[in-house]
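Note sheet for the following structure.
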Amino acid sequence: MPRETLKPIDILRHELKALRYLVDNFHAGRLGAEDLPPRDDFQSAQGRALYDVLVKSPSRVAAEAAIAELELDDVDIISFLHLSGDHYYTYPKLVRERAEAIRSGRLKVESA
């Protein structure tokens, strides 16, 4: 990671891509629980809220229906649900790596 600081909006943007990939693949059986980044690796409240809905839902359809009901700051839920996560397969790993770098102090989050 070449940058030493990240803006909160950049963190959110990357988390949303990771979550979109997870929505497309978790309930389809292409990912196991061990493939999911831990909840605490999501730095934004919006990312954690979406993650909670995803892992607690019994199916993708149920997850998408519950997500559609959410109102989250800085998240266009309609756009989020219409995106395809096919190209975002690297983002769950990025969420894990950045969380570890933030916890270790190697990466800082700029004040909002």
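The values are calculated or read from the model by the stated rules, or taken from the named source; none is laboratory data. As the structure is a prediction and not an experimental result, all values here were calculated from the model. Reconstructed Cβ throughout: ideal geometry from the backbone, glycine too, with neighbour counts over all protein chains shown. Side chains are part of the model used for accessible areas, which takes the heavy atoms of the whole protein and leaves out ligands, DNA and RNA. Shrake-Rupley method; radii C 1.70, N 1.55, O 1.52, S 1.80 Å.
Observations on the structure shown:
- Among the conditions (1) modelled with pLDDT of 95 or more; (2) in a loop (DSSP other than H, G, I, E, B); (3) surrounded by fewer than 19 Cβ atoms within 10 Å (Cβ to Cβ), the only one that residue 75 does not satisfy is (3).
- Candidate set from segment 78-112 (those that are outside any loop (DSSP other than H, G, I, E, B), out of contact with any Leu (no Cβ under 9 Å at 6 or more places or on another chain) and of a type in the set (Lys, Arg)); member that is farthest from residue 20 (Cα to Cα): 103
- Within segment 13-65, tally of residues that are of a type outside the set (Asp, Glu), farther than 22 Å from residue 76 by Cα and not in a loop (DSSP other than H, G, I, E, B): 1
- Taking the criterion of being touching a Phe, Trp or Tyr at 6+ places or on another chain (Cβ under 7 Å), open to solvent by 50 Å² or more (accessible area, probe 1.4 Å) and among the hydrophobic types (A, V, I, L, M, F, W, C), no residue of segment 12-71 qualifies.
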